[in-house]
Amino acid sequence: MLVWSVGRQTATLWVRKIHQTGYVDGSYKVDKFRKFENTRGDTHLADVTIRALQKSYGGLQVIHGLDLDIPDGEFVVLVGPSGCGKSTLLRMIAGLEEVSGGDVMIGERRVNNLPPSERDIAMVFQNYALYPHKTVAANMGFALKMRGMDKAAVRAKVEHAAGILGLTPYLDRFPRALSGGQRQRVAMGRAIVRDPQVFLFDEPLSNLDAKLRVQMRTEIKELHQRLKTTTVYVTHDQIEAMTMADKIVVMQGGRIEQVGAPLELYDRPANVFVASFIGSPSMNLIPGEIAQGMVDVGGARLPVPVGAQAEEGQKVIYGIRPEHLQLVEATSPAGLTGVVAVIEPTGSETHVMVRHNGLDLVAAFRNRVTLTPGSAITLAPDAASSHLFDKGTGQRL
Ligand SMILES: Nc1ncnc2c1ncn2[C@@H]1O[C@H](COP(=O)(O)OP(=O)(O)O)[C@@H](O)[C@H]1O
Ligand SMILES: [Mg+2]
């Protein structure tokens with residue numbers, strides 16, 4: 001262990017030398033870093049691999065045997081409702097929680113039993129407590145100083161990170177004199193200066209107001225496009241997941257429901273849970289039964305969604321996103337007729353809640369509609385954009 005650790009430090013120092021002699025900006029630096037890795041033939045250094053991973057607290061199991069592959073350089077978002085195990089999974093990757101079963105690998109290394117400091121990761125939390133009595137520069141450089149890096153080298157790293165994050169004018173300020181967004185950037189700066197193999201974020205934007213959250217999510221995405229460091233990002237916010245991720249991992253109850261690119265999940269959700277979790281307003285889910293080759297949803301008979309396979313008499317759930325419902329004439333055969341309950345203009349779209357056969361359906365229209373609450377309308381689903389799930393298992397058909 002000691003030999004390994006010393007060897008690695010030497011290697012790290014050598015990488016830092018390369019950085020100091022030749023970098024112009026973040027991307028160039030990373031390219032240098034990668035070339036260095038490649039000379040060792042070690043091209044997958046920052047893959048994160050999770051195998052049959054389990055976690056129990058006492059007798060309570062909260063992570064139920066997860067498998068997940070996070071390729072080098074990818075931005076992966078773990079998303080799911082509160083309590084589904086996102087932070088627990090992230091903290092096991094970080095080494096802040098013990099693993100109850102299975103493996104966590106970073107590159108070729110099984111890191112289950114390595115302390116966080118030896119995993120070459122950097123984590124940014126929701127509560128990113130900065131040292132109040134240290135300047136921005138001192139906050140950002142603290143970990144490097146603790147590692148024994150010399151002053152000039154720390155300063156160079158801090159200035160470089162500050163440049164990336166737009167913090168250069170604030171380096172001598174104290175955290176109390178910064179806005180929430182600037183403080184969050186300092187917390188990211190603290191992670192960036194460490195040149196980790198993997199960034200881990202746990203709901204880093206939750207404490208910011210809505211506008212700043214949108215701005216920061218763009219900044220983090222841009223940062224990733226520049227540094228290309230493998231990133232695992234936790235959020236309960238599906239919009240954050242959709243907008244930021246290369247790949248989304250949807251979790252529920254300590255299990256993975258689906259893994260895929262944002263639009264894959266949106267266009268082909270694997271089950272009812274993912275269908276209802278991804279997308280806002282949510283997908284309409286209408287219980288029904290296959291009858292004479294149609295989906296009988298009680299109030300109407302709808303064509304079977306394109307590509308779906310179901311048997312006569314099978315109990316199903318018919319899914320249709322709000323933007324895939326069209327306003328049609330009341331006489332239209334495959335239409336859902338209901339009464340307008342609420343109209344919500346958002347500016348770019350108008351959301352209309354329609355009460356149909358005891359269900360509340362939501363339709364979203366891009367063009368302006370003149371409707372009044374209490375009036376009857378008919379909505380026709382687009383069969384090419386509708387979904388079908390088995391009612392018992394919830395799985396896509
Ligand atoms: N230290 C702990 N002791 C007992 N149960 C815990 C502990 N930490 C988390 N849990 C439980 O594990 C589950 C997953 O929690 P967590 O990973 O924090 O969820 P998320 O981050 O998705 O909101 C929850 O049911 C939570 O109550
Ligand atoms: Mg959490």
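Derivation of every value follows stated rules applied to the coordinates shown; laboratory data play no part. This structure is a prediction, so every number in the text was calculated from the model and none was measured. For neighbour counting, all protein chains shown are included, and Cβ atoms are generated from backbone atoms with ideal geometry for every residue, glycine included.
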Want the number for GLU98 to ALA334: 0.36 nm per residue separation, take away the alpha-carbon distance, what's left?
-> 79.5 nm
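Roughly what % of Cα-Cα distances in the chain sit above 28 Å, to the whole percent? Show your work: numbers first, answer last.
Details: 44087 of 78606 pairs.
Distances greater than 28 Å cover 56 percent of the Cα pairs.
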In terms of the charge dipole of segment 284-390, which places +1 on Lys and Arg and -1 on Asp and Glu at the beta carbon, the residue among PRO322, SER332, VAL352 farthest towards the positive end is VAL352
Can you tell me how much longer the chain between LEU359 and GLN215 gets when fully stretched, taken as 0.36 nm per residue apart minus their C-alpha distance, in nm with one decimal?
-> 48.1 nm
Using alpha carbons only, how many degrees (0 to 90, rounded to 10) separate the axis of helix 2-22 from the longest principal axis of the chain?
-> 90
Can you list the equivalent-ellipsoid semi-axes of segment 168-231, largest first and in whole Å, using the square root of 5 times each Cα gyration tensor eigenvalue?
-> 19, 16, 10
Out of LYS134, LYS228, LYS247, a Gaussian network model of the chain with alpha-carbon springs under 10 Å gives the largest mean-square fluctuation to LYS134
C-alpha long axis of helix 180-192 to longest principal axis of the chain, angle in ° = 60
Two-site label geometry, ALA143 and ASN127: point separation in nm, points 7 Å out along Cα→Cβ | 1.9
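Once R0 is set to 41 Å, what does the formula 1/(1 + (r/R0)^6) return for the Cβ-Cβ distance between GLU344 and GLN309, expressed as a FRET efficiency to the nearest 0.05?
On the way: r = 36 Å, r/R0 = 0.88.
Given R0 = 41 Å and the Cβ-Cβ separation, E is 0.70.
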On a 0 to 90° scale, report how tilted helix 26-39 is relative to the longest principal axis of the chain, with both axes built from alpha carbons and the result rounded to the nearest 10.
-> 80
Report the one residue of ILE70, GLY85, GLY95 whose Cα lies farthest in the direction of the positive end of the charge dipole of the chain (charges on C-beta: Lys and Arg +1, Asp and Glu -1; origin at the Cα centre).
-> GLY95
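Could you work out the per residue convex hull volume over the alpha carbons of segment 328-397, in cubic angstrom?
Numbers: hull volume 8.7 nm³, N = 70.
Roughly 124 Å³ of hull volume per residue.
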Using a 10 Å cut-off on Cβ atoms, rank the peptides 321-331, 178-188 from the highest mean neighbour count down.
-> 178-188, 321-331
Cβ charges +1 (Lys, Arg) and -1 (Asp, Glu), total dipole of segment 284-390, debye = 280
Dipole magnitude of the chain about its Cα centre, charges +1 at Lys/Arg Cβ and -1 at Asp/Glu Cβ only, in debye to the nearest 20?
-> 1880
Considering the Cα trace of segment 284-390, what is its radius of gyration and what is Dmax, both in angstroms?
-> 13.7, 43
Of the residues LEU114, ASN127, PRO169, the Cα lying farthest along the dipole of the chain towards its positive end, which is defined by charges on the beta carbon of Lys, Arg, Asp and Glu, belongs to PRO169
If each part is reduced to its alpha-carbon centroid, segment 112-157 and segment 51-65 end up apart, in Å, by 30
